[in-house]
Structure formats: structure tokens, C-alpha cells
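To keep things clear, I will list the structure first and then write my remarks on it.
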Amino acid sequence: QVQLVESGGGLVQAGASLRLSCAASGRTFSSSAMCWFRQAPGKEREFVATINWSGVSTDYADSVKGRFTISRDNAKNTVYLQMNSLKSEDAAVYYCAASVYRSIRYYQGEYNYWGQGTQVTVSS
């Protein structure tokens with residue numbers, strides 16, 4: 001069992017940066033692929049970024065590639081999402097998720113554990 005708690009969201013101006021954190025409890029974190037998804041009002045939840053169990057492999061949605069960076073610290077049981085050059089379209093509730101798989105995964109159904117989400121608001 002893995003429990004996830006996101007933090008770091010807030011209100012920022014367009015062009016600013018934020019770093020989201022996702023703290024995990026449970027012994028399986030270090031063997032789990034992790035992911036960030038987001039959901040804007042009136043829209044479906046969408047994939048943002050994924051990282052494999054060791055942190056060596058990552059991938060991103062095209063909309064955030066080059067601006068966002070996912071990373072993890074297995075010693076701290078934490079995964080991060082560094083978000084730079086934020087745009088109004090990045091505003092959403094951001095969720096982290098943990099998979100039973102080790103390799104990077106892109107689909108919600110491949111993630112077994114979810115956090116409660118953290119709100120990111122971007123003013124233009």
C-alpha cells in the first residue's frame with residue numbers, strides 16, 4: 001500500500017515557476033513508477049509526466065516538454081515536478097500517482113495509488 005500527499009501548489013503569475021512535491025509512505029515507493037497528472041475545470045484528467053522507479057527514465061506530455069521536469073528522491077520517498085515558464089493553460093489540480101510497475105507508464109489505469117491533488121492557479 002502506498003499513500004501519497006502532494007504539496008507546493010499555489011497562485012502564481014504567468015512565466016513564474018513552482019515546484020510540486022509528492023511525499024509517499026509505504027515500502028514499495030522505491031520500486032514504483034510515478035506520474036503526475038492534472039485536471040482543469042471541465043476537462044478530463046491528463047498525463048503530464050512520468051518517471052521510472054530509479055529516476056533514469058522520464059517522459060512528458062508535449063504541452064509541458066522543455067518547461068517541466070519530473071524527478072525523484074527515493075531516500076526521501078518523494079517525487080517532484082519542477083514547473084517553469086508557467087502558462088495560464090497549466091492551471092489545474094495536479095495529482096501524483098504510483099504504479100505497481102517499475103517502468104514509465106502513461107495511462108491512468110496503470111496507476112494504483114493517487115494523492116488528493118494540489119491546486120495550481122496561473123494568472124495572466
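Below, the figures for the structure above:
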item	result
Nitroxide proxy distance, nm - points 7 Å out along Cα→Cβ at residue 25 and residue 43	3.3
For residue 93, net neighbour charge (Lys/Arg +1, Asp/Glu -1) across residues whose Cβ lies under 15 Å away	-2
The chain, accessible surface, carbon-and-sulfur percent (1.4 angstrom probe)	46
Highest average packing first - 110-117, 47-54, Cβ atoms within 10 Å	47-54, 110-117
Sparse-neighbourhood loop sites, trypsin sites (Lys or Arg not before Pro) in region 7-83 - DSSP loop, at most 11 other Cβ within 10 angstrom	27, 43, 65
Convex hull of Cα atoms in the chain, direction-averaged projection (nm²)	6.7
Surface per residue (accessible, 1.4 Å probe) for the chain, Å²	51
GluC sites (Glu not before Pro) lying in DSSP loop within region 29-102, provided at most 11 other Cβ fall within 10 Å	44
The chain: relative contact order as a whole-number percent, Cα under 8 Å and 6+ apart	36
Per the chain, cysteines lacking a partner by the 4.7 Å Cβ criterion	35
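The values are calculated or read from the model by the stated rules, or taken from the named source; none is laboratory data. Small disclaimer: the values here were computed from a predicted structure and weren't measured. Ideal geometry is used to build each Cβ from the backbone, glycine not excepted, and the neighbour counts take in all protein chains shown. We work out accessible area using only protein heavy atoms, side chains counted, and drop any ligands, DNA or RNA first. Shrake-Rupley method; radii C 1.70, N 1.55, O 1.52, S 1.80 Å.
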